Structures are given as C-alpha cells and as structure tokens.
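What follows is a short report on a single structure.
Just so it is clear, none of the values below were taken in a lab; they were calculated from the coordinates. Keep in mind the model is a prediction, meaning the values are calculated, not measured. Every residue, glycine as well, gets a Cβ built from its backbone with ideal geometry; the counts of neighbours run over all protein chains shown.
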Amino acid sequence: MALNVLLLGPQGAGKGTQAKRISAEYDIPHIASGEILRAEMEAGTELGRRVRDVYDRGDLVSDDLMIELIRTRLAQPDTEAGFILDGFPRTTVQAEALDEMFGDIGRSFSVVFALQIPDEVAFERLRKRAEIEGRADDTDEAIRRRLENYHRETEPLIEYYRARGNLVPIHGDRTENEVLAEIQSALEQVPA
C-alpha cells in the first residue's frame, strides 16, 4: 500500500523541512507545487510551455493546470510507493478537484498532517528566513498578508480532511527532530 501524505500548515510551519525528512526516511518523493511548475518549464514540455505562458503574463496557474501537473507527476514510477504533497491544495475547491482526480487514478491520501504553530511563531520564523536569505518579498506586511490568506483560504482544509477521518494535527512549535518524531509515530499508525 502506498504512503500518500499531504502536509498542511501556514508558511513558516516547517512543511518543506519535514517533507524532505519524511522523503528521505520513507524513500518517497517530495512533491512541492512550486518545484513541479519549475521542473515542467525547464523540461520544456507542452505542459511546461502552458505554465510559462501563464507565468509570463503574471497570472496565477489555474487549479485545472495544477491538477494536471500533479497528475503528470504522479504518473512517474518513483511515486508508486507513495509521495508527500506540499503547497497544494490551498483551497477547498482545489481539494475537491484533487479528490476527483485521485478518484480517476485510484489514489487517496493515507494521512494529512496539519502542522500547527501560533501566528507569532510563524511570523518570527519567516522574518528570520527573510534576513538569512535576503528575501525582499518577505516584508512584515507581506508576511502578515500571507498568514491572513492562510487562515482565510487554507485553514478550512483542516476541517475538510478531518471530516474524511485522515487528519493528524502536529505541534509545529518545537524542534525539527521533535516534530519529525511526532510525524513518524503517526505514520506507524497508518494502515499498511
């Protein structure tokens, strides 16, 4: 049985860090929505050209196009044992579209982790990351706006997946190793 994992949580919750660690530990690919977009554009595929057109116009990639990109990525043999998805879905509409596509290809999430951290912790982590990486887009105002967007658009997904019975809340406000340990003990409970 494949181990299909979804990571939810606000920016700064450590999704990318934990996804990489789960990926290494369980030997399943980490599929980050931004990376799929870049990979397709770099590969110059037909799908990649469509993504580039959207990017060049400065528009957001449509839900349909994202679903198609994820479907294409999941068709690759390295996802047979499972995958970790991070960065999509961000809205309930996207989650419903993803469920529909999963129905077509016979996949579903084994577990959905909701990394939960207080806003002030997320804010401080993002501010620190901005300083270290010199990210000009991470102004205090931009960080606040992203957290507000998360609460408004993405947080309702926690209830969406809780209703499906596969949501596991994770306390993200701890060390990387403590968070990973909590995720691993939850993964041991996932029916194989």
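How large is the convex hull of the Cα atoms of the chain per residue, expressed in Å³ as a whole number? Don't skip to the answer; put the middle values down first.
Details: hull volume 24.6 nm³, N = 192.
Dividing the Cα hull volume of the chain by its residue count gives 128 Å³.
To make sure I understand, if each residue's beta carbon is the centre and we count other beta carbons within 10 Å, what order do Met66, Met1, Met41 fall in, fewest to most? Kindly include the intermediate steps, with their values, before the conclusion.
Numbers: Met66 22, Met1 9, Met41 16.
Neighbour counts put them in this order, fewest first: Met1, Met41, Met66.
Listed highest first by mean packing, meaning other Cβ atoms within 10 Å per residue, what order do 4-15, 22-33 come in? Could the numbers behind the result be given before it?
On the way: 4-15: 23.6, 22-33: 17.2.
Put in order of decreasing packing, that is 4-15, 22-33.
Tell me the mean residue ellipticity at 222 nm calculated for the chain from its helices only (DSSP H runs of n ≥ 4, each -39500 (n - 2.57), averaged over every residue, nearest 500). Mind dumping the intermediate values first?
Numbers: 9 runs with 106 residues, N = 192.
Helix-only estimate at 222 nm: -17000 deg cm²/dmol.
Could you size up the charge dipole of the chain around its Cα centre, putting +1 on the beta carbon of Lys and Arg and -1 on that of Asp and Glu, and report it in debye to the nearest 20? Numbers along the way, then the final one.
On the way: 24 positive and 37 negative charges, 21 e Å.
Charge dipole of the chain: 100 debye, to the nearest 20.
Efficiency by 1/(1 + (r/R0)^6): what FRET value for Arg129 and Glu35, r their Cβ-Cβ distance, R0 = 22 Å, to the nearest 0.05? Present the calculation step by step, with values, prior to reporting the outcome.
Numbers: r = 18 Å, r/R0 = 0.80.
Given R0 = 22 Å and the Cβ-Cβ separation, E is 0.80.
Students often check this: by mean Cβ neighbours within 10 Å, which of 74-81, 49-56 ranks highest, and how do the rest follow? Please list the in-between numbers first.
Numbers: 74-81: 12.5, 49-56: 14.0.
Descending mean neighbour count gives 49-56, 74-81.
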